[in-house]
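Below is one structure, written out as structure tokens, with a few remarks after it.
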Amino acid sequence: MRLVLSFLFWFLMTAFSKAQSFPEFLVDTAGTGYFSYNNDIWSADRSGKKELILKNQNTRFLAIDHSGTLIGSRDSVSSGTGIKEIYIWKLYRNGQLEYTYKIPFLPDYNDFCMDDEGHLYWIRSGNQIQFQERNNNGTIRTLATCNLTGARNLHRSIKGFLFFSDSHHVYCIPPDDTIKVVLKDVVKQLQGESTDMSIRNVWTDKSGNIYLATGIEILKIDRRQFATPVYRSADGWFPVNGAISSSGDFWVVEQNKYDSIRIQCIGNDVRKGIVKEQRLKLYGLPLGLTILLVVVLYFLFRKSKNSRSGTE
């Protein structure tokens, strides 16, 4: 019996760990990437060199404000009351760590994100899903509600749109507006083969394009809501996050089945080449087959016409 209980405990802990969100990731204006991994915060430069900058911070999000200060969170239990709380911290450029404020920990608070002005957003589950915002004065307001299940991957763009997804659909909440569908049935847009087609993360660039890490590909959704594969992971890896820097560099965060993480910074020229190659794979073969079919039908038509002329 003890063996069965031990196995059950191990299984539940393993399942719980696998259900955790994928690494948070962002890039500052200087071109340095920051990501969370195993409760620690790391930095990465364009060459892929990584450096541990903050330990034991089980952050729910990462953000950078206008001054370049890195912001995240830490779940902690108050020694006085025993109540679990979420502390918001700031890591300044000089290396100083400051805990700025805290909010009550509630089991129905999920999937946090923050904009560069310091406004905090989260998804609150319940009979209805609520999308809530906490401003710098501490005032909390509900932006929208819905009956969607599995809402996650909250992301706020620099244009003020709040994006989120469920397993296979992408939605947004425009400023002072209601929830709108951005893209449905993402699986139909995928070209790669993968056992997991769910959306793992959502991010945007300064032009308003949307990027999805899903399957073994990254999809780009333009302003026409047209989806194009722009990156495909190598065998054994799958994309879990990414970012577009202010200079146009394309950052990709990938993971494998052993939970190892690798980060690549792809230059703008290389990224354009990848997009061109993916588009060629996506459209080149069908176009080539269509042209071939037209040519074959044309010659068959000519042959049939000549045969009838000869008979007459």
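Annotations for the structure displayed:
- Restricting the range 63-89 to residues that are under 23 Å from the mean Cα position of the chain (by Cα) and more than 30 Å from Thr149 (Cβ to Cβ), the residue that is surrounded by the fewest Cβ atoms within 10 Å (Cβ to Cβ) is His66.
- Val240 meets the conditions (1) closer than 28 Å to Val181 by Cα; (2) in a loop (DSSP other than H, G, I, E, B) in every case but one. The failed one is (2).
- Number of positions in the range 111-150 that are modelled with pLDDT of 90 or more and small (Gly, Ala, Ser): 3
- Residue list for the range 137-157, filter: surrounded by 11 or more Cβ atoms within 10 Å (Cβ to Cβ) and either of a type in the set (A, V, I, L, M) or out of contact with any Ser or Thr (no Cβ under 8 Å at 6 or more places or on another chain) (or both): Ile140, Thr142, Leu143, Ala144, Thr145, Cys146, Leu148, Ala151, Leu154, Arg156
- Here Ser79 meets each of (1) in a loop (DSSP other than H, G, I, E, B); (2) hydroxyl-bearing (Ser, Thr, Tyr); (3) touching a residue at least 12 places away in the same chain (Cβ under 8 Å) with one exception, condition (3).
- Taking first residues from the range 125-140 that are of a type in the set (Asp, Glu) and partners that are surrounded by 12 or more Cβ atoms within 10 Å (Cβ to Cβ) and at pLDDT 90 or above, the Cβ contacts under 8 Å between residues at least 6 apart in sequence or on separate chains come to Glu133/His119; Glu133/Leu120; Glu133/Tyr121; Glu133/Ile140; Glu133/Leu143.
The rows are residues; the columns are (1) at pLDDT below 90; (2) touching a Lys or Arg at 6+ places or on another chain (Cβ under 6 Å).
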{"site": "Trp203", "(1), (2)": "no, no"}
{"site": "Gly208", "(1), (2)": "no, yes"}
{"site": "Ala213", "(1), (2)": "no, yes"}
{"site": "Leu219", "(1), (2)": "no, no"}
{"site": "Phe226", "(1), (2)": "yes, no"}
{"site": "Val230", "(1), (2)": "no, yes"}
{"site": "Ser233", "(1), (2)": "no, no"}
{"site": "Phe238", "(1), (2)": "no, no"}
{"site": "Gly242", "(1), (2)": "no, no"}
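- In the range 36-76, the residues that are of a type in the set (Phe, Trp, Tyr) and either in contact (Cβ under 8 Å) with a residue 24 or more places away in the chain or touching a Cys at 6+ places or on another chain (Cβ under 7 Å) (or both): Tyr37, Phe61
- Residue in the range 46-62 that is modelled with pLDDT of 90 or more, β-branched (Val, Ile, Thr), in a strand (DSSP E or B) and buried (at least 19 other Cβ atoms within 10 Å of the Cβ) present: no
- Selection from the range 244-254 of residues that are surrounded by fewer than 21 Cβ atoms within 10 Å (Cβ to Cβ) and part of a strand (DSSP E or B): Ile244
- Identification of strands (runs of 3 or more DSSP E) wholly contained in the range 97-180 with 3 or more residues that are among the hydrophobic types (A, V, I, L, M, F, W, C) and within 23 Å of Ser245 (Cα to Cα) yields 109-114, 162-165.
- Neighbours by Cβ (under 7 Å, 6+ apart or cross-chain): first from the range 244-261, at negative phi; second part of a loop (DSSP other than H, G, I, E, B) and among the hydrophobic types (A, V, I, L, M, F, W, C): Gln255/Phe22
- Selection within the range 90-129: residues that are under 24 Å from the mean Cα position of the chain (by Cα) and polar (S, T, N, Q). The member of this set that is nearest to Leu54 (Cα to Cα) is Asn110.
- Just one of the listed residues (Asp65, Asp108, Asp40) is within 23 Å of Val202 (Cβ to Cβ), of a type outside the set (Ser, Thr, Tyr) and at pLDDT 90 or above, and it is Asp65.
The values are calculated or read from the model by the stated rules, or taken from the named source; none is laboratory data. Everything quoted here is computed from the prediction, not taken from an experiment. Note that we place each Cβ from the backbone using ideal geometry, even for glycine, and neighbour counts take in every protein chain shown.
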